[in-house]
Amino acid sequence: MTTEELQNTTADKVVDARGTACPGPLLAAKKAIGEISSGQVMEILSADEGTRRDIPKWATKKGHEYLGTIEDSGFFRIFMKKG
Amino acid sequence: MEENKKMTMALCTGSFDKLIVAGIILSGAVAEDMDVEIYVLLYGAYAFKKENGAKIDTSSEYPELNRELKTSLESMNVPTWVDFFTTAKELGNVKFYICGTAGKIWGGEKVSDFIDLADDICGIGEYVDSAQNADVHMLI
(Lines give C-alpha, C1' and ligand atoms only; values in the text may rest on other atoms or scores of the structure.)
Protein backbone atom coordinates (compact mmCIF):
# COMPACT_ATOMS: atom_id res chain seq x y z
CA MET A 1 0.00 0.00 0.00
CA THR A 2 1.15 3.56 -0.57
CA THR A 3 1.94 5.86 2.32
CA GLU A 4 -1.21 7.83 1.56
CA GLU A 5 -3.34 4.68 1.58
CA LEU A 6 -1.77 3.62 4.86
CA GLN A 7 -2.40 7.04 6.36
CA ASN A 8 -6.07 6.66 5.49
CA THR A 9 -6.25 3.16 6.93
CA THR A 10 -8.10 2.70 10.20
CA ALA A 11 -6.76 -0.38 11.92
CA ASP A 12 -9.10 -2.75 13.74
CA LYS A 13 -6.49 -3.02 16.47
CA VAL A 14 -3.66 -0.67 17.40
CA VAL A 15 -0.83 -2.05 19.50
CA ASP A 16 1.32 0.59 21.15
CA ALA A 17 4.69 -1.00 21.86
CA ARG A 18 6.71 2.21 21.81
CA GLY A 19 7.88 1.79 25.39
CA THR A 20 9.69 -1.46 24.70
CA ALA A 21 12.87 -2.59 22.99
CA CYS A 22 13.19 -5.68 20.79
CA PRO A 23 11.66 -8.27 21.24
CA GLY A 24 8.89 -6.30 23.02
CA PRO A 25 7.06 -5.10 19.88
CA LEU A 26 7.26 -8.53 18.25
CA LEU A 27 5.83 -10.22 21.34
CA ALA A 28 3.13 -7.56 21.59
CA ALA A 29 2.21 -8.24 17.95
CA LYS A 30 2.20 -11.97 18.55
CA LYS A 31 -0.14 -11.53 21.55
CA ALA A 32 -2.49 -9.14 19.77
CA ILE A 33 -2.83 -11.07 16.51
CA GLY A 34 -4.79 -13.70 18.41
CA GLU A 35 -7.33 -11.06 19.37
CA ILE A 36 -8.40 -10.12 15.83
CA SER A 37 -10.11 -12.06 13.05
CA SER A 38 -8.85 -13.05 9.64
CA GLY A 39 -8.98 -10.08 7.26
CA GLN A 40 -8.77 -7.48 10.03
CA VAL A 41 -5.95 -4.94 10.10
CA MET A 42 -3.52 -4.45 12.96
CA GLU A 43 -1.23 -1.47 13.41
CA ILE A 44 1.85 -1.79 15.58
CA LEU A 45 3.53 1.33 16.93
CA SER A 46 7.21 0.79 17.63
CA ALA A 47 10.14 3.05 18.34
CA ASP A 48 12.54 0.14 17.93
CA GLU A 49 14.57 0.31 14.72
CA GLY A 50 15.03 -3.48 14.48
CA THR A 51 11.29 -4.07 14.63
CA ARG A 52 10.85 -2.32 11.30
CA ARG A 53 12.41 -5.34 9.60
CA ASP A 54 11.39 -7.96 12.12
CA ILE A 55 7.61 -7.61 12.11
CA PRO A 56 7.12 -7.61 8.30
CA LYS A 57 9.23 -10.79 8.04
CA TRP A 58 7.36 -12.42 10.90
CA ALA A 59 3.97 -11.40 9.50
CA THR A 60 4.67 -12.79 6.04
CA LYS A 61 6.11 -16.01 7.42
CA LYS A 62 3.07 -16.57 9.60
CA GLY A 63 0.71 -16.18 6.64
CA HIS A 64 -0.40 -12.61 7.24
CA GLU A 65 -0.18 -9.75 4.77
CA TYR A 66 2.30 -7.00 5.48
CA LEU A 67 0.72 -3.79 4.24
CA GLY A 68 3.53 -1.30 4.83
CA THR A 69 5.20 1.01 7.31
CA ILE A 70 4.87 4.73 7.90
CA GLU A 71 7.65 6.57 9.67
CA ASP A 72 6.20 9.01 12.18
CA SER A 73 8.09 11.37 14.49
CA GLY A 74 10.40 9.02 16.37
CA PHE A 75 8.45 5.84 15.78
CA PHE A 76 7.12 3.49 13.11
CA ARG A 77 3.55 2.56 12.27
CA ILE A 78 3.59 -0.98 10.91
CA PHE A 79 0.42 -2.27 9.24
CA MET A 80 -0.53 -5.87 8.63
CA LYS A 81 -3.66 -7.80 7.73
CA LYS A 82 -4.35 -11.07 9.50
CA GLY A 83 -4.32 -14.10 7.16
CA MET B 1 -1.49 -28.86 9.81
CA GLU B 2 2.25 -28.32 9.60
CA GLU B 3 4.12 -29.37 12.72
CA ASN B 4 5.84 -26.65 14.71
CA LYS B 5 9.61 -26.31 14.36
CA LYS B 6 11.62 -27.24 17.43
CA MET B 7 14.36 -25.43 19.29
CA THR B 8 16.52 -27.03 21.95
CA MET B 9 18.74 -24.89 24.13
CA ALA B 10 21.40 -25.91 26.63
CA LEU B 11 21.49 -23.11 29.18
CA CYS B 12 24.74 -23.39 31.16
CA THR B 13 25.06 -19.81 32.28
CA GLY B 14 24.04 -18.13 35.51
CA SER B 15 25.12 -14.68 34.34
CA PHE B 16 22.17 -12.33 34.10
CA ASP B 17 23.40 -10.79 30.84
CA LYS B 18 23.52 -14.15 29.06
CA LEU B 19 20.23 -15.18 30.64
CA ILE B 20 18.69 -12.07 29.06
CA VAL B 21 20.21 -13.05 25.70
CA ALA B 22 18.59 -16.48 26.13
CA GLY B 23 15.30 -14.77 26.97
CA ILE B 24 15.44 -12.59 23.85
CA ILE B 25 16.21 -15.54 21.57
CA LEU B 26 13.49 -17.55 23.27
CA SER B 27 11.01 -14.72 22.65
CA GLY B 28 11.85 -14.78 18.93
CA ALA B 29 11.36 -18.53 18.82
CA VAL B 30 7.99 -18.29 20.53
CA ALA B 31 6.89 -15.54 18.15
CA GLU B 32 7.66 -18.02 15.36
CA ASP B 33 5.50 -20.64 17.09
CA MET B 34 8.48 -22.90 17.71
CA ASP B 35 8.26 -25.55 20.43
CA VAL B 36 11.19 -24.92 22.77
CA GLU B 37 12.92 -27.16 25.29
CA ILE B 38 15.52 -25.58 27.53
CA TYR B 39 17.91 -27.81 29.45
CA VAL B 40 19.21 -25.90 32.42
CA LEU B 41 22.77 -26.97 33.20
CA LEU B 42 25.41 -26.09 35.80
CA TYR B 43 25.28 -22.34 36.58
CA GLY B 44 21.89 -22.12 34.91
CA ALA B 45 20.60 -24.44 37.62
CA TYR B 46 22.06 -22.09 40.24
CA ALA B 47 20.14 -19.16 38.75
CA PHE B 48 16.99 -21.29 38.72
CA LYS B 49 17.20 -22.10 42.46
CA LYS B 50 14.15 -20.73 44.22
CA GLU B 51 16.20 -18.42 46.44
CA ASN B 52 18.03 -16.94 43.43
CA GLY B 53 15.86 -16.38 40.33
CA ALA B 54 15.32 -12.70 39.56
CA LYS B 55 17.84 -11.76 42.26
CA ILE B 56 20.68 -12.97 40.04
CA ASP B 57 22.42 -9.80 38.91
CA THR B 58 26.06 -10.62 38.30
CA SER B 59 27.73 -11.29 35.01
CA SER B 60 30.95 -13.18 34.49
CA GLU B 61 31.90 -11.29 31.37
CA TYR B 62 33.05 -7.68 31.83
CA PRO B 63 31.85 -7.45 35.46
CA GLU B 64 33.05 -3.83 35.48
CA LEU B 65 30.22 -3.04 33.05
CA ASN B 66 27.54 -4.55 35.29
CA ARG B 67 26.21 -1.24 36.56
CA GLU B 68 26.17 0.40 33.12
CA LEU B 69 24.42 -2.60 31.60
CA LYS B 70 21.76 -2.74 34.31
CA THR B 71 21.09 0.98 34.09
CA SER B 72 20.73 0.81 30.29
CA LEU B 73 18.46 -2.22 30.40
CA GLU B 74 16.23 -0.55 32.99
CA SER B 75 16.00 2.70 31.05
CA MET B 76 15.05 0.73 27.91
CA ASN B 77 12.33 -1.17 29.82
CA VAL B 78 14.00 -4.48 29.01
CA PRO B 79 12.41 -7.15 31.23
CA THR B 80 14.41 -9.27 33.67
CA TRP B 81 15.43 -12.72 32.43
CA VAL B 82 12.75 -14.30 34.64
CA ASP B 83 10.11 -12.05 33.07
CA PHE B 84 11.33 -12.93 29.57
CA PHE B 85 11.10 -16.63 30.32
CA THR B 86 7.70 -16.26 32.02
CA THR B 87 6.18 -14.34 29.09
CA ALA B 88 7.58 -16.85 26.60
CA LYS B 89 6.04 -19.68 28.57
CA GLU B 90 2.67 -17.91 28.66
CA LEU B 91 2.73 -17.34 24.89
CA GLY B 92 4.11 -20.60 23.61
CA ASN B 93 5.08 -24.19 24.20
CA VAL B 94 8.21 -23.79 26.31
CA LYS B 95 9.61 -26.33 28.77
CA PHE B 96 12.45 -25.92 31.25
CA TYR B 97 14.23 -29.03 32.48
CA ILE B 98 16.80 -28.84 35.24
CA CYS B 99 19.82 -31.14 34.94
CA GLY B 100 19.67 -33.48 37.94
CA THR B 101 23.42 -33.34 38.60
CA ALA B 102 23.56 -29.56 38.32
CA GLY B 103 20.59 -29.27 40.65
CA LYS B 104 22.31 -31.43 43.27
CA ILE B 105 25.49 -29.35 43.06
CA TRP B 106 23.47 -26.38 44.31
CA GLY B 107 21.44 -28.38 46.82
CA GLY B 108 18.29 -28.81 44.72
CA GLU B 109 16.92 -32.32 44.39
CA LYS B 110 13.28 -31.78 43.52
CA VAL B 111 11.63 -29.59 40.91
CA SER B 112 9.99 -27.69 43.78
CA ASP B 113 13.49 -26.49 44.85
CA PHE B 114 13.56 -24.36 41.70
CA ILE B 115 11.59 -21.35 40.47
CA ASP B 116 8.10 -22.08 39.16
CA LEU B 117 9.26 -21.97 35.54
CA ALA B 118 10.99 -25.33 35.96
CA ASP B 119 8.92 -28.19 34.55
CA ASP B 120 10.96 -31.16 35.72
CA ILE B 121 14.35 -32.60 36.58
CA CYS B 122 16.03 -34.41 33.70
CA GLY B 123 18.96 -36.60 32.75
CA ILE B 124 21.43 -35.87 29.98
CA GLY B 125 20.01 -38.56 27.70
CA GLU B 126 16.81 -36.61 27.34
CA TYR B 127 18.74 -33.49 26.37
CA VAL B 128 20.78 -35.32 23.72
CA ASP B 129 17.62 -36.87 22.29
CA SER B 130 15.94 -33.46 22.20
CA ALA B 131 18.99 -31.90 20.49
CA GLN B 132 18.98 -34.67 17.88
CA ASN B 133 15.40 -33.92 16.98
CA ALA B 134 15.60 -30.13 17.06
CA ASP B 135 15.57 -27.86 14.02
CA VAL B 136 17.64 -25.33 15.96
CA HIS B 137 20.04 -26.25 18.73
CA MET B 138 22.11 -23.84 20.75
CA LEU B 139 24.33 -23.59 23.78
CA ILE B 140 24.33 -20.48 25.96
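The values are calculated or read from the model by the stated rules, or taken from the named source; none is laboratory data. Everything numeric in this text was worked out from a predicted model, so none of it was measured. Glycine gets a Cβ as well: all are built from the backbone with ideal geometry, and neighbour counts include every protein chain shown.
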* Asked: Do we find a residue being acidic (Asp, Glu), crowded, with 16+ Cβ neighbours inside 10 Å and out of contact with any Gly (no Cβ under 7 Å at 6 or more places or on another chain) anywhere in the stretch A:51-59?
  -> yes
Every listed condition ((1) within 14 Å of chain A (Cβ to nearest Cβ); (2) farther than 28 Å from residue B:105 by Cβ; (3) within 16 Å of the chain's Cα centre (by Cα)) holds for residue B:5 save (3)
Wholly inside chain A, strands (runs of 3 or more DSSP E) that include 2 or more residues that are without any contact (Cβ under 8 Å) to a residue 24 or more places away in the chain are A:65-71
Within the stretch B:1-17, residues part of a loop (DSSP other than H, G, I, E, B), hydrophobic (A, V, I, L, M, F, W, C) and at pLDDT 95 or above come out as B:12
Screening B:40, B:82, B:21 for residues that are surrounded by fewer than 18 Cβ atoms within 10 Å (Cβ to Cβ), among the aliphatic types (A, V, I, L, M) and under 10 Å from the mean Cα position of the chain (by Cα) leaves only B:21
From the option list A:6, A:27, single residue qualifying as farther than 11 Å from residue A:82 by Cβ and either among the hydroxyl-bearing types (Ser, Thr, Tyr) or touching a strand residue (DSSP E or B) at 6+ places or on another chain (Cβ under 7 Å) (or both) is A:6
Among helices (runs of 4 or more DSSP H) entirely inside the stretch B:18-114, those with 3 or more residues being touching a Cys at 6+ places or on another chain (Cβ under 7 Å) are B:42-48
